Amino acid sequence: EELVEQMMDDLYDGLKDEILEGVNILLERGWTPYRVLTESLVAGMTIVGRDFRDGILFVPEVLLAANAMKGGMGVLRPLLVETDAPRMGKMVIGTVKGDIHDIGKNLVGMMMEGAGFEVVDLGINNPVEKYLDALVAEKADILGMSALLTTTMPYMKTVIDTMKAQGIRDDYIVLVGGAPLNEEFGRSIGADAYCRDAAVAVETAKEFIQ
Ligand code: B1M
């Protein structure tokens, strides 16, 4: 698809208006919001990530790409969260302390809402107290934590260990995700599950909530 190729270039170049236009055109062509999301925006960001890693792109360019991606997600959001699915449960989600990456977390939040979950988004850079206060105040069923850095992912263990120390670990389903994690890491820190992507997060949450 030519337009999708173009959109990947536009995302790479951080062209938000062009991304908004592309998203709308794909929707008009009958693409599902999820397909637009994964095949144009997420795929485009993967290329940005590769060139960021290889030192071809730098933080300012990646910020622009992230901003363009968020613009596109803004168009898709109402479509993804619109649902007549029965109410499933409540999730508190946030990116861990020291980490400001939020695109993946936002995406998980949207997909969870679309599946009928209520989502409380704590944003980025969350210390353990923020998670625990929100879980209690919101009477949540699920804690979702996101980390994109190898240096911040260990903080997930800090949160789970604090929950254990307070005797509340088993009151919640704890799901973790983010690019540098894997199943083994999830197990080792005592999470209930590692979720590879937003779709897996939804499926996993549904399994646990039943
Ligand atoms: Co950053 N960054 N970044 N960055 N950045 C990465 C993560 C990196 C892998 C890039 C690279 O080198 N290849 C690298 C980490 C290396 C490492 O730790 N091993 C990196 C680095 C080094 C950094 C800085 C340190 C750079 C610097 O300053 N020198 C810095 C750190 C800032 C900080 O957090 N303290 C930094 C900054 C930034 C920007 C601000 C420029 C920007 C973030 C903008 C924003 O989020 N608002 C940014 C971006 C955009 C990236 C990449 C390119 C893309 C991340 C992204 O949005 N992906 C990223 C490269 C990469 O990941 N390959 C990179 C798209 C998103 C849809 O995928 O987030 O993986 P993802 O989410 C997926 C799944 O992981 C999963 O579902 C999502 C949807 O399918 N998932 C969950 C995620 N969270 C979940 C939670 C769940 C369940 C599933 O809970 C239940």
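Worth a mention:
- Residue by residue, the stretch 183-192 carries 3J(HN,Hα) couplings of 4, 4, 5, x, 4, 5, 8, x, 6, 6 Hz when phi is fed to the Karplus relation 6.51 cos²θ - 1.76 cosθ + 1.60 (θ = phi - 60°); x denotes Gly or Pro.
- Residue-wise HN-Hα couplings along the stretch 80-85, as the Karplus relation 6.51 cos²θ - 1.76 cosθ + 1.60 with θ = phi - 60° gives them from phi, are 6, 8, 5, 7, 10, 5 Hz; Gly and Pro carry x.
- Computed [θ] at 222 nm, helices only, for the chain once each DSSP H run of length n ≥ 4 contributes -39500 (n - 2.57): -16500 deg cm²/dmol
- Note on the chain: with charges restricted to the Cβ of Lys and Arg (+1) and Asp and Glu (-1), its dipole about the Cα centre is near 780 debye.
- Entry note, the stretch 112-174: relative contact order of 32 percent, from Cα contacts under 8 Å with a spacing of 6+ residues.
- Under 5 Å, built H, 5+ apart or other chain: amide partners of G123: T95
- Amide proton proximity set for I173, modelled H, under 5 Å, gap of 5+: I142, L143
- Residue-normalised accessible area of the stretch 1-139, expressed per residue, 1.4 Å probe, Å²: 51 Å²
- Filter on K105/K130; K97/K206; K70/K157 - keep pairs with C-alpha separation over 20 Å: K97/K206; K70/K157
- Averaging the sequence gap over all C-alpha pairs within less than 8 Å and six or more residues apart, then dividing by the number of residues, gives the chain a relative contact order of 17 percent.
- For the residues F185, F52, a 1.4 Å probe over the protein chains yields an accessible-area ranking, largest first, of F52, F185.
- DSSP bridge orientation in the chain - percent antiparallel, rounded to nearest 5: 0 percent
- Table column - 3J(HN,Hα) (Hz), the stretch 137-146, Karplus curve with 6.51, -1.76, 1.60, x for Gly and Pro: 4, 8, 6, 6, 9, 10, 10, x, 10, 10
- For F117, the residues 5 or more places off, or on other chains, whose built amide H falls under 5 Å of its own are M88.
- The angle between the Cα long axis of helix 155-165 and the longest principal axis of the Cα atoms of the chain comes to about 20 degrees, rounded to the nearest 10.
- Helix axis angle, 16-28 relative to the chain longest principal axis, alpha carbon, degrees: 90 degrees
- Residue-span extension gain [Y34 to A137] - 0.36 nm each, minus C-alpha spacing: 33.9 nm
- Helix 2-12 axis, angle to the chain major axis (alpha carbon atoms, nearest 10°): 60 degrees
The values are calculated or read from the model by the stated rules, or taken from the named source; none is laboratory data. All values reported here derive from a predicted model rather than from experimental measurement. In this analysis, Cβ positions are derived from the backbone assuming ideal geometry, glycine residues included, and neighbour counts consider all displayed protein chains. For accessibility, only protein heavy atoms count, side chains too; no ligands or nucleic acids. Shrake-Rupley method; radii C 1.70, N 1.55, O 1.52, S 1.80 Å.
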